[in-house]
Amino acid sequence: MELRIDRQALVPVVQQIVDALAGWLRQEGVLPGTRLPSARQIARVNLLSQSSVVEACERLVAQGMLAPRQGTGFMVAHPAQGAGRRQGCPWFEGADVTHKGVPGELQLGCGSLPESWRETDDLSYAIRQVSRTDMAGLFSYSTPLGLPALREQILKRLQPLDIEVDERRILTTTGATHGLDLIVRTLLRPGDCVVVESPGYSLLFDLLRLNGVTMIEVPRTPRGPDTQALEALLLKHRPRALFINSFYHNPTGSSLAPAVAQQVLQLTRDHGVLVIEDDVFADLHRGPGTRLAALGIDDNVIYVGSYSKTLSSSLRVGFVVASVAVVSRLAEVKMTSSMGASRFCESVLACLLASGAYRKLVQRQRQRLNTDREAALQILEDADWEVFGKPAGGLFIWARSRMSDYAQVRTQARRFGVLLSSATAFNPRGEATDWQRINVACACDPRARAFFQATTLNRPQAF
């Protein structure tokens, strides 16, 4: 069994073995109960350490793809065994709730890095470190504003972004969505009117509806919100707030141009509109750019960030940066509604940030995403898909097939085991669109390539 491991790649060797074995199991159609070659044999053929092969197989056991055989290695798991371990298909933000997912589908429209991209070594070390040395991190509540050691690290993270604040203006949360929830519940009231970008973040739309807040939409362009449309909306509706993505917008992947950022900030200040800047993909951005918070955190701008998109969707840690008065109000609601964030998660993240492991992790992710994005854009061009703005970074590409029959596109996706994002999730009014959020980390998978090729207009369709 040749696995073709690249020792110069950014992906850890064990993860490469996991990916290669999983791909072999899918493509070869290996029957349940089939015995896998021994770990020693796989290691010898591929010039690997036996311990790395065993660890990879153990991860596949945890995923339900393999099952251990006492004294004889591993075998392909039976469907019932796999289904029991999976306990249902994973959910993702922007998923089509009407589609009953099938285990093993490629989630081309998902909103985060797939499991195959996640790295466990540094995270495992940090968890062990906290477990051994930080009893309070294991058993105690965090403070209302969040773990001081973590807020100190967040402050250091904000400095290269030119966001100049002190620790009193930083509040930790259980992910960015929790931060948005606190903001909506604390600063808005039922019946308030806010401006949201269209297309935009589906969970934000759900959150605002849940709290009885009225949404008016401003079109998102490849350079940010349409400022002429925004000015007209501010004059007509006198909204309470504007929710905006700065870099690598969800779902389009576009980023704020400096001139647009200046215009947006000036317009909102002139009209007394609160700005909530959602920048959860900040760590995937490297290079010049203008954030609204960098132009001045005051009573007009609130900045929201997160580590869940890059580190772990399960280790949910985010933060809010705002004026001291606003942070104090948010902290009160945070403690009342949830008794604070997880001190354990905050301690693990603080450990990773202080050691430099997190910085190196996101550097590897950026490099890998850059390579895959370039390849994905070429795949889409070859398939004659229309691309919105051709993003230069981040996780998403917003694109659509030129096939006139959108149902046929979804049929082709199901045929190749590809799960697309919902047609209605990214519109505030729930209107359907033929545009698709393409996750760069999934777009180069053989199933995605086959799907895109099948949607090419001049390609005869297979029946």
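The values are calculated or read from the model by the stated rules, or taken from the named source; none is laboratory data. Since the structure is predicted, the reported quantities are computational estimates derived from the model, not experimental observations. Heads up, the Cβs are rebuilt from the backbone with ideal geometry, glycines too, and the neighbour counts pull from every protein chain shown. Note: accessible area is taken over every heavy atom of the protein model, side chains too, but ligands, DNA and RNA are not part of it. Shrake-Rupley method; radii C 1.70, N 1.55, O 1.52, S 1.80 Å.
Values as computed for the structure displayed
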| quantity | calculated |
| --- | --- |
| Test: L113 is buried (at least 21 other Cβ atoms within 10 Å of the Cβ) and either at pLDDT 95 or above or among the acidic types (D, E) (or both) | no |
| Among (1) of a type in the set (G, A, S); (2) farther than 13 Å from T173 by Cα; (3) buried (at least 19 other Cβ atoms within 10 Å of the Cβ), the one test that G318 misses | (2) |
| Tally of residues being among the hydrophobic types (A, V, I, L, M, F, W, C) and free of Cβ contacts under 8 Å to residues at least 40 places away in the same chain across the stretch 151-195 | 2 |
| Selection status of N458, of a type in the set (S, T, N, Q) and modelled with pLDDT of 90 or more | no |
| Qualifying positions in the stretch 188-203 - open to solvent by 20 Å² or more (accessible area, probe 1.4 Å) and in contact with a helix residue (DSSP H, G or I) (Cβ under 8 Å, 6 or more places away or on another chain) | C193, L203 |
| Those residues of the stretch 24-45 which are touching a residue at least 40 places away in the same chain (Cβ under 8 Å) and either under 22 Å from R118 (Cβ atoms) or buried (at least 18 other Cβ atoms within 10 Å of the Cβ) (or both), in sequence order | L25, R26, L36, I42 |
| Checking F426 against (1) open to solvent by 60 Å² or more (accessible area, probe 1.4 Å); (2) farther than 16 Å from A383 by Cα; (3) at pLDDT 90 or above, the condition it does not meet | (1) |
| Output for the stretch 124-141, where each listed residue is modelled with pLDDT of 90 or more and surrounded by 21 or more Cβ atoms within 10 Å (Cβ to Cβ) | A126, V130 |
| Failed item, numbered, when Q63 is tested on (1) modelled with pLDDT of 90 or more; (2) surrounded by 15 or more Cβ atoms within 10 Å (Cβ to Cβ); (3) of a type in the set (S, T, N, Q) | (1) |
| Any pair with Cβ under 7 angstrom, 6 or more apart, that starts in the stretch 402-413 at a residue that is closer than 14 Å to A432 by Cα and in the same structural domain as Q436 (by the TED database) and ends at one that is open to solvent by 30 Å² or more (accessible area, probe 1.4 Å) and among the β-branched types (V, I, T) | none |
| Residue list for the stretch 126-145, restricted to those being over 23 Å from the mean Cα position of the chain (by Cα) and in contact (Cβ under 8 Å) with a residue 40 or more places away in the chain | Q129, V130, D134, A136, G137, L138, S140, Y141, S142, T143, P144, L145 |
| Tabulated pairs, the stretch 354-377, first open to solvent by 30 Å² or more (accessible area, probe 1.4 Å), second charged (D, E, K, R) and part of a loop (DSSP other than H, G, I, E, B), C-beta under 8 angstrom, 6+ apart or interchain | R364/E119; R366/R286; L377/K390 |
| Unique residue being farther than 26 Å from Q228 by Cβ and buried (at least 23 other Cβ atoms within 10 Å of the Cβ) when the list is V264, V280 | V280 |
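The rows are residues; the columns are (1) outside any loop (DSSP other than H, G, I, E, B); (2) at pLDDT 95 or above; (3) more than 18 Å from V165 (Cβ to Cβ); (4) not assigned by the TED database to the domain that holds R220.
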position	(1), (2), (3), (4)
P239	no, yes, yes, no
P251	no, yes, yes, no
E277	yes, yes, no, no
G287	no, no, yes, no
A294	yes, no, no, no
V304	yes, yes, no, no
S308	no, no, yes, no
